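> Take this structure first; my questions come after.
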Amino acid sequence: MYDDVTIWPAVASEAETIALMWDEAAQSLRESGIDQWQYPANSEKIARDVRYGTAYVVRVGREYLGTITVDEFADPEFWNPEDRPDAALYAHRIIVRPAIRGISLGASLLDWASRKAERCGKAWLRVDVWKTNMALRRYYESLGFEQVRTVDLPHRRSGALYQRRAGTVTGGGPRYLGLEAAVLDENGNPDWGWTSER
(Lines give C-alpha, C1' and ligand atoms only; values in the text may rest on other atoms or scores of the structure.)
Protein backbone atom coordinates (compact mmCIF):
# COMPACT_ATOMS: atom_id res chain seq x y z
CA MET A 1 0.00 0.00 0.00
CA TYR A 2 2.92 2.34 0.70
CA ASP A 3 5.36 1.15 -1.93
CA ASP A 4 5.63 4.63 -3.47
CA VAL A 5 5.40 7.98 -1.72
CA THR A 6 5.74 11.59 -2.82
CA ILE A 7 7.83 14.17 -0.95
CA TRP A 8 7.25 17.81 -1.76
CA PRO A 9 7.54 21.26 -0.20
CA ALA A 10 4.56 22.02 2.00
CA VAL A 11 2.23 24.83 0.99
CA ALA A 12 0.55 27.27 3.37
CA SER A 13 -2.59 25.16 3.65
CA GLU A 14 -0.49 22.23 4.93
CA ALA A 15 1.17 24.02 7.87
CA GLU A 16 -1.69 23.03 10.16
CA THR A 17 -1.36 19.42 9.00
CA ILE A 18 2.31 19.44 10.00
CA ALA A 19 1.38 20.82 13.43
CA LEU A 20 -1.23 18.07 13.84
CA MET A 21 1.37 15.43 12.92
CA TRP A 22 3.67 16.88 15.60
CA ASP A 23 0.91 16.66 18.22
CA GLU A 24 0.08 13.11 17.16
CA ALA A 25 3.74 12.08 17.42
CA ALA A 26 4.04 13.75 20.83
CA GLN A 27 1.06 11.80 22.12
CA SER A 28 2.51 8.53 20.82
CA LEU A 29 5.86 9.29 22.50
CA ARG A 30 4.09 10.07 25.77
CA GLU A 31 2.15 6.80 25.60
CA SER A 32 5.47 5.00 25.07
CA GLY A 33 6.94 6.65 28.17
CA ILE A 34 9.32 8.87 26.18
CA ASP A 35 9.60 12.45 27.43
CA GLN A 36 10.09 14.13 24.06
CA TRP A 37 8.16 16.90 22.33
CA GLN A 38 5.78 17.20 25.28
CA TYR A 39 4.76 20.71 24.33
CA PRO A 40 2.55 22.07 21.54
CA ALA A 41 3.89 22.36 18.02
CA ASN A 42 5.42 25.74 17.28
CA SER A 43 3.02 26.91 14.60
CA GLU A 44 5.03 30.06 13.92
CA LYS A 45 8.20 28.08 13.16
CA ILE A 46 6.27 25.65 10.99
CA ALA A 47 4.63 28.49 9.03
CA ARG A 48 8.04 30.16 8.62
CA ASP A 49 9.61 26.96 7.30
CA VAL A 50 6.71 26.49 4.89
CA ARG A 51 7.21 30.06 3.62
CA TYR A 52 10.94 29.41 3.17
CA GLY A 53 10.24 26.21 1.25
CA THR A 54 12.18 24.00 3.67
CA ALA A 55 9.26 22.08 5.23
CA TYR A 56 8.24 19.01 3.25
CA VAL A 57 5.29 16.65 3.49
CA VAL A 58 5.08 13.00 2.52
CA ARG A 59 1.92 11.71 0.93
CA VAL A 60 0.29 8.82 -0.81
CA GLY A 61 -2.70 10.22 -2.66
CA ARG A 62 -4.69 12.22 -0.14
CA GLU A 63 -3.06 10.59 2.90
CA TYR A 64 -0.30 12.39 4.78
CA LEU A 65 2.31 10.00 6.12
CA GLY A 66 4.93 12.31 7.59
CA THR A 67 7.02 15.43 7.34
CA ILE A 68 10.64 16.59 7.36
CA THR A 69 12.31 19.99 7.36
CA VAL A 70 15.68 20.28 5.61
CA ASP A 71 17.67 23.50 5.60
CA GLU A 72 21.07 25.06 6.15
CA PHE A 73 20.38 26.17 9.72
CA ALA A 74 23.20 24.96 11.96
CA ASP A 75 22.09 25.65 15.52
CA PRO A 76 24.95 27.76 16.93
CA GLU A 77 24.47 26.23 20.39
CA PHE A 78 25.32 22.82 18.91
CA TRP A 79 27.54 23.26 15.84
CA ASN A 80 30.69 25.31 16.18
CA PRO A 81 32.96 26.83 13.51
CA GLU A 82 35.29 23.82 13.61
CA ASP A 83 32.38 21.68 12.39
CA ARG A 84 32.21 23.74 9.16
CA PRO A 85 28.48 24.38 9.62
CA ASP A 86 27.99 25.42 6.00
CA ALA A 87 29.28 22.02 4.81
CA ALA A 88 25.98 20.32 5.72
CA LEU A 89 22.26 20.28 5.35
CA TYR A 90 20.34 19.83 8.60
CA ALA A 91 17.23 17.71 9.02
CA HIS A 92 14.68 18.81 11.62
CA ARG A 93 11.16 17.90 12.69
CA ILE A 94 11.27 14.41 11.16
CA ILE A 95 7.89 12.84 11.84
CA VAL A 96 6.42 9.55 10.69
CA ARG A 97 2.79 9.16 11.69
CA PRO A 98 2.42 6.45 14.34
CA ALA A 99 -0.21 4.56 12.36
CA ILE A 100 2.21 3.74 9.55
CA ARG A 101 5.37 3.01 11.53
CA GLY A 102 7.09 -0.19 10.52
CA ILE A 103 7.41 0.55 6.79
CA SER A 104 10.79 2.31 7.21
CA LEU A 105 9.48 5.63 5.93
CA GLY A 106 12.02 7.39 8.14
CA ALA A 107 14.83 5.66 6.26
CA SER A 108 13.36 6.86 2.96
CA LEU A 109 13.12 10.43 4.23
CA LEU A 110 16.73 10.41 5.39
CA ASP A 111 17.89 8.88 2.09
CA TRP A 112 16.05 11.63 0.22
CA ALA A 113 17.56 14.32 2.47
CA SER A 114 21.01 12.78 2.04
CA ARG A 115 20.73 12.91 -1.73
CA LYS A 116 19.42 16.47 -1.50
CA ALA A 117 22.49 17.42 0.55
CA GLU A 118 24.75 15.87 -2.08
CA ARG A 119 22.98 17.74 -4.90
CA CYS A 120 23.49 20.97 -2.95
CA GLY A 121 27.23 20.31 -2.82
CA LYS A 122 27.27 19.56 0.90
CA ALA A 123 29.52 17.03 2.59
CA TRP A 124 27.11 15.99 5.36
CA LEU A 125 23.52 15.47 6.41
CA ARG A 126 23.24 16.33 10.10
CA VAL A 127 20.67 15.96 12.87
CA ASP A 128 20.48 16.85 16.53
CA VAL A 129 18.72 14.25 18.64
CA TRP A 130 16.97 14.30 22.01
CA LYS A 131 19.73 13.41 24.48
CA THR A 132 17.67 10.98 26.56
CA ASN A 133 15.95 9.14 23.69
CA MET A 134 18.41 6.26 23.42
CA ALA A 135 16.16 4.27 21.07
CA LEU A 136 16.14 7.16 18.61
CA ARG A 137 19.89 7.54 18.88
CA ARG A 138 20.38 3.84 18.12
CA TYR A 139 17.99 4.22 15.18
CA TYR A 140 20.14 6.93 13.59
CA GLU A 141 23.25 4.84 14.19
CA SER A 142 21.57 1.88 12.47
CA LEU A 143 21.11 4.11 9.40
CA GLY A 144 24.78 5.00 9.18
CA PHE A 145 24.84 8.20 11.21
CA GLU A 146 27.90 8.67 13.40
CA GLN A 147 27.81 10.60 16.63
CA VAL A 148 29.87 13.76 16.56
CA ARG A 149 29.39 14.58 20.26
CA THR A 150 26.74 15.41 22.83
CA VAL A 151 26.28 19.03 23.82
CA ASP A 152 24.69 18.99 27.27
CA LEU A 153 23.10 22.37 27.87
CA PRO A 154 20.67 22.58 30.80
CA HIS A 155 18.10 24.56 28.81
CA ARG A 156 18.15 22.19 25.79
CA ARG A 157 16.84 18.64 25.70
CA SER A 158 18.26 17.96 22.28
CA GLY A 159 22.01 17.93 21.80
CA ALA A 160 23.17 14.48 20.68
CA LEU A 161 24.75 15.45 17.35
CA TYR A 162 24.96 13.02 14.43
CA GLN A 163 26.04 13.21 10.83
CA ARG A 164 26.09 10.99 7.75
CA ARG A 165 28.06 11.55 4.57
CA ALA A 166 25.88 13.32 1.99
CA GLY A 167 24.74 10.95 -0.73
CA THR A 168 24.74 7.92 1.56
CA VAL A 169 21.57 5.87 1.18
CA THR A 170 20.38 2.73 2.94
CA GLY A 171 17.77 1.81 0.35
CA GLY A 172 15.29 0.93 3.07
CA GLY A 173 11.67 1.97 3.06
CA PRO A 174 9.26 2.92 0.29
CA ARG A 175 10.41 4.31 -3.04
CA TYR A 176 9.93 8.03 -3.22
CA LEU A 177 9.45 10.71 -5.79
CA GLY A 178 11.00 13.88 -4.42
CA LEU A 179 9.70 17.14 -5.87
CA GLU A 180 11.13 20.59 -5.30
CA ALA A 181 7.80 22.24 -6.13
CA ALA A 182 4.36 21.18 -5.03
CA VAL A 183 1.81 20.34 -7.71
CA LEU A 184 -1.07 22.76 -7.19
CA ASP A 185 -4.51 23.24 -8.67
CA GLU A 186 -5.78 26.52 -10.10
CA ASN A 187 -6.59 27.79 -6.57
CA GLY A 188 -3.09 27.14 -5.21
CA ASN A 189 -4.12 24.05 -3.26
CA PRO A 190 -2.41 20.64 -3.44
CA ASP A 191 -3.57 18.81 -6.56
CA TRP A 192 -5.03 15.63 -5.12
CA GLY A 193 -5.60 14.21 -8.57
CA TRP A 194 -1.94 14.34 -9.53
CA THR A 195 -0.17 11.01 -9.81
CA SER A 196 3.43 10.24 -10.63
CA GLU A 197 4.67 8.12 -13.47
CA ARG A 198 7.84 6.21 -12.75
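The values are calculated or read from the model by the stated rules, or taken from the named source; none is laboratory data. This structure is a prediction, so every number in the text was calculated from the model and none was measured. For neighbour counting, all protein chains shown are included, and Cβ atoms are generated from backbone atoms with ideal geometry for every residue, glycine included. Note: areas computed on protein heavy atoms with side chains; ligands, DNA, RNA excluded. Shrake-Rupley method; radii C 1.70, N 1.55, O 1.52, S 1.80 Å.
> Just grab the label-to-label distance for residue 60 and residue 39, each label 7 Å out from Cα along the Cβ direction, in nm (one decimal).
3.5
> With angles folded into 0 to 90 degrees, how steeply does helix 15-31 sit against the dominant principal axis of the chain? Use alpha carbons for both and round to 10.
50
> How would you order 117-123, 148-154, 178-184 from highest to lowest mean count of nearby Cβ atoms within 10 Å?
117-123, 178-184, 148-154
> Highest GNM mean-square fluctuation, the chain, Cα pairs closer than 10 Å: which of 83, 23, 111?
83
> Shape call for segment 7-83 from the C-alpha gyration tensor, a ≥ b ≥ c root eigenvalues: rounded (a/c under 1.5), prolate (a/b greater than b/c) or oblate?
Because a/c hits 1.5 or more and a/b fails to exceed b/c, segment 7-83 counts as oblate.
> Measuring from centroid to centroid over Cα atoms, what is the spacing of segment 53-96 and segment 5-45 in Å?
After rounding, the separation between the Cα centres reads 14 Å.
> Roughly speaking, what is the stretch gain from residue 20 to residue 156, that is 0.36 nm per residue apart minus the C-alpha to C-alpha distance, in nm to one decimal?
46.6 nm
> Here is a follow-up. Among 106, 37, 133, which residue has its Cα positioned farthest towards the positive end of the charge dipole of the chain, with +1 placed on the Cβ of Lys and Arg, -1 on the Cβ of Asp and Glu, and the dipole taken about the Cα centre?
Final value for the positive-end residue is 133.
> When the accessible area of the chain is split by element with a 1.4 Å probe, what percent falls to carbon and sulfur?
49
> In debye to the nearest 20, how big a dipole does segment 5-99 give about its Cα centre with +1 on each Lys and Arg Cβ and -1 on each Asp and Glu Cβ?
My answer is approximately 400 debye.
> Something else now. Assigning unit charges at the beta carbon (Lys, Arg +1; Asp, Glu -1) and nothing else, what dipole magnitude in debye, to the nearest 20, does the chain show about its Cα centre?
Magnitude of the dipole: close to 540 debye.
> Also: For the pair residue 146 and residue 134, how long in nm is the line joining their label points, each one 7 Å along Cα→Cβ?
Roughly 2.4 nm, to one decimal.
> If a paramagnetic tag sat 7 Å from the Cα of residue 181 along the Cα-Cβ line, which residues of segment 44-64 would have the backbone N under 20 Å from that point?
The answer is 50-59, whose backbone nitrogens lie closer than 20 Å to the label point.
> Keeping all protein chains in place, calculate the accessible area per residue for the chain (probe 1.4 angstrom), answer in Å².
In whole numbers, the chain has 52 Å² accessible per residue.
> Related question: How high is the FRET efficiency between residue 71 and residue 189 when r is their beta carbon distance and R₀ equals 25 Å, given to the nearest 0.05?
My answer for the efficiency is 0.55.
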